[in-house]
Every structure is written in structure tokens, then in C-alpha cells.
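Structure first, then comments.
The values are calculated or read from the model by the stated rules, or taken from the named source; none is laboratory data. Bear in mind that the values here come from a model prediction, so they are computed numbers and not experimental data. Neighbour counts run over all protein chains shown; Cβ positions are idealised from the backbone, glycine included. Heavy atoms of the whole protein, side chains included, go into the accessibility calculation; ligands, DNA and RNA do not. Shrake-Rupley method; radii C 1.70, N 1.55, O 1.52, S 1.80 Å.
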Amino acid sequence: MAQSAGNDGATRRKVGILTSGGDAPGMNAAIRSATKILITEGVEVVGIQHGYRGLLKGEFRPLGAADVNGVIRDGGTFLGSARCLEFLERAGRDEARRQARRAGIDSILAIGGNGTLAGAAALCDPEELGDQDLKVVGLPASIDNDVGFTGMAIGTDTAMNTIVEACDKISDTASAHDRIFLVEVMGRECGYLAMTSSIASAADAVFFPEANRSESELVQAVVTTVERARKRPQYSKRVLIIVAEGMDLSTNTLKERVEFALNDSAAEEDVLVETRVTVLGHVVRGGRPTAFDRLLGSRLAHVGVRALLAGETRKMVGWILPGQLPAEVSHPSEFDPYCNLIDLGAVLAETARMNDGTSPLVKWRRMIFEQIEEALSL
Ligand code: F6P
């Protein structure tokens with residue numbers, strides 16, 4: 001087999017799998033796929049419980065096929081997850097590496113979002129590793145879709161579907177009362193979930209942090225949207241506005257400002273505009289993964305473990321069309337043409353650009369929504 005280097009009988013390989021940070025639907029699919037592929041290669045598989053916290057505390061359990069059968073249907077992660085402050089310190093990472101060495105783990109597949117991938121890069125930092133040979137490959141898994149150099153992260157599609165389902169329900173009651181609904185969705189600093197779900201749920205407007213709008217611009221945007229809606233025929237007077245959680249202005253404050261702007265100067269006989277806020281919160285992160293997330297988790301994990309077996313390290317497997325990434329920092333997997341092995345340092349740098357708004361991808365998303373803003377509210 002071209003890139004595979006399973007066990008040649010000399011030293012039995014041992015690969016640890018962990019999920020860390022915010023859980024994402026499809027993580028179980030990735031663990032399952034990685035475990036099954038590794039077993040077929042004769043490699044020992046170790047589940048590391050509760051992410052990096054479990055790694056530095058030695059919370060290990062052997063994983064066999066029976067442990068992963070059926071888990072593809074479950075949301076969350078059966079290995080458990082955690083956010084681990086100790087791991088941010090060098091001493092914590094040294095302890096984690098000691099635990100891995102003691103358990104004979106030579107490679108780790110780390111599944112999670114930005115914090116997890118930053119942790120993966122630090123874990124196999126050559127300067128910190130010394131003479132230890134520990135390979136680490138990361139998979140992007142985050143409902144926020146805020147990881148650089150991957151078209152989609154594991155979990156984003158399920159979260160988007162959950163939001164759309166909730167908005168369809170909210171639309172029913174909003175239409176019945178001609179109300180304005182501000183629906184807040186998760187996404188941390190990233191507006192991707194808000195943007196995509198606004199289109200799929202036929203929202204009238206969407207607010208996301210990347211647009212950098214001032215408070216008065218936001219209030220004015222709602223007022224304009226409501227004025228347009230009032231000109232529609234009766235049934236479609238509902239106004240649905242998706243608000244990303246990472247906005248500087250809280251959604252409840254926006255509601256107050258909007259109600260003041262719309263109702264303060266109303267005449268006595270006017271019907272006052274009623275606004276409601278729904279914060280979807282952690283509902284967006286749970287639930288059975290969609291078929292897409294099951295497939296994405298399975299594909300990325302397949303490529304991830306093949307890469308580890310071939311001796312690759314400090315890489316993330318990104319799901320992106322071939323030829324779209326700088327060749328100096330990435331190469332396509334020979335096992336799956338949509339999966340690229342990308343230098344973790346480059347991934348983290350692009351992620352930082354996405355956060356500060358200088359990434360071409362973020363500029364492009366912002367531009368699209370500027371172009372379609374009026375069309376959304378028609
Ligand atoms: O990163 C995933 C995410 O769900 C974000 O959308 C959200 O801001 C954050 O995690 C919530 O974190 P916690 O579950 O720790 O409150």
C-alpha cells in the first residue's frame with residue numbers, strides 16, 4: 001500500500017485519539033472511522049478521554065471495533081471533551097507528552113476546533129519534543145466553521161440544519177403575529193453559521209461581527225427591514241433576523257433599541273411593533289449528525305490516520321478542493337482528492353486572519369452579504 005506504514009512486526013504502533021474543546025456532531029464518526037482503519041492496519045488504538053486534560057492525566061482506554069459500532073449516529077463525543085487551561089502551559093504539555101510516552105502512544109489524532117489545533121501544534125513542537133518521537137495530526141471539528149483552510153469543519157452542517165429547523169418553527173409563530181424575531185445563533189467570533197442559515201431559513205436580515213456595523217447602523221438596518229416587510233401582503237409580514245452571538249451589541253439590547261426606534265413616535269391608533277428574542281444557544285451544538293457530517297468525519301479521519309501511519313506530523317486534514325491551497329504548506333492526500341494535508345502553522349495563521357478580518361475568505365463573505373442585503377428583505 002503506497003502511503004501506509006502499519007505494523008511491520010518490529011514495533012507495534014499505538015495511536016491515541018482525542019476530542020477537545022466544544023464538541024461537534026460528527027466527532028464520533030471520525031473516532032469510529034480512525035479506529036476501524038487503524039485496526040485493519042494492525043495498529044493498537046487508544047481512546048484519550050476528555051481531550052488534553054485526559055492526556056495529561058493519563059485517562060486512556062483501549063478502543064476496539066465493538067467500542068465504535070453504532071456511534072456514528074450519536075451527537076457529542078463518546079470520548080468526552082474538555083477545555084484544558086493546564087495544557088496552555090509548557091509544564092502541562094510536558095506532562096501530557098510523558099503520559100503518552102509511558103503508555104507507548106507514538107501518534108495522536110486530535111479532533112476539534114482552533115484551540116485543539118493550536119494544542120496539537122504545541123504538542124509536537126520540535127523544540128518542546130526533544131528526543132521524543134510523537135506525531136500529531138489534527139482534524140477540524142467545530143460548529144463555528146472558523147478553522148482556516150477547510151471548506152467545512154466537522155459539525156457545522158448539523159448545526160446549520162438545527163438552526164434552520166428552529167427558524168422554520170419560529171417563522172410559523174412570527175407569521176401568525178406579524179412579529180419581529182431576533183434569533184441569536186452560536187458561532188463564537190465567526191458569522192458563518194449566521195450567514196448560511198439566514199439564506200437557508202429565508203431570513204430577512206443577518207448580522208455578523210465581520211461586518212463591523214455600529215449600533216446605530218444595526219438599528220437602522222432593522223428599521224429598514226421592517227418597513228419593507230410592512231409593504232408585503234398580509235401573510236409574509238413576519239420579520240426574521242439572524243444575529244451571530246459574537247456581536248459587540250447584545251441581542252437583548254438590540255431588541256430594546258429597535259422597539260424604541262419603531263414605536264417611540266407611533267400615533268395612538270398605530271399597532272405597535274412587537275419584537276421577540278430567541279437565543280438558540282447550546283441546542284445548536286447537539287443532535288444527531290447529518291449524513292454530510294458523518295461522511296466528512298469519516299473521510300477526514302481516514303486521511304488523518306493514513307498520514308500518521310506514513311509518518312506525517314504537525315498537519316491538519318482540510319476539506320477543500322484540490323489546487324486551492326498554497327503548495328508550500330500543503331499537499332493533497334493520495335487517498336482522497338478533497339482532503340489536503342496542511343501545515344498546522346499555516347492553518348493557525350489563516351485562522352488568525354479570519355478572526356481579524358484580513359483573510360480574503362472573510363472579505364469575500366462580507367462582500368456577498370453586502371450585495372444581497374436588499375434582496376434578503378424583499
Ligand atoms: O466553539 C463552539 C462553541 O459552541 C461556540 O459557538 C460558543 O461560543 C462556545 O463554543 C460555547 O462554549 P461553552 O460550551 O464552553 O459555553
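Summary of values
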| quantity | calculated |
| --- | --- |
| Per-q log10 I(q)/I(0), the chain, q = 0.09, 0.10 Å⁻¹ (Debye; single scatterer per alpha-carbon; no solvent) | -0.55, -0.66 |
| Most to least packed among 362-374, 134-146 [average Cβ atoms within 10 Å] | 134-146, 362-374 |
| Burial order of peptide ranges 17-26, 177-186 (average beta-carbon count within 10 Å, highest first) | 17-26, 177-186 |
| Whole-number accessible area per residue in Å² for the chain, which is evaluated in the context of all protein chains at 1.4 Å | 43 |
| Antiparallel bridge percentage (DSSP; both residues within the chain; nearest 5) | 25 |
| For peptides 209-222, 268-281, sequence by mean Cβ density within 10 Å, most packed first | 209-222, 268-281 |
| Förster radius 30 Å - calculated FRET efficiency between residue 249 and residue 165 (Cβ-Cβ, nearest 0.05) | 0.70 |
| Simple label model, 7 Å out from Cα along Cβ direction - residue 175 to residue 321, nm | 3.5 |
| All aspartates and glutamates inside 13 Å of residue 14 as judged from Cα atoms, apart from same-chain residues fewer than 8 positions distant | 41, 44, 106, 133 |
| Carbon plus sulfur fraction of accessible area for the range 120-182, probe 1.4 Å, in percent | 45 |
| Rough spin-label spacing in nm, given labels placed 7 Å along Cα→Cβ, for residue 224 and residue 263 | 2.4 |
| Percent RCO, i.e. relative contact order, over the range 236-361, from Cα pairs under 8 Å lying at least 6 residues apart | 15 |
| Pairs from 231/363; 255/363; 237/363; 169/237 whose Cα-Cα separation, in the structure shown, is over 25 Å | 231/363; 255/363; 237/363 |
| At R0 = 35 Å, FRET efficiency that the Cβ-Cβ distance of residue 12 and residue 334 yields, to 0.05 | 0.90 |
| Between the range 270-328 and the range 231-260, the Cα center-to-center distance that results, in Å | 28 |
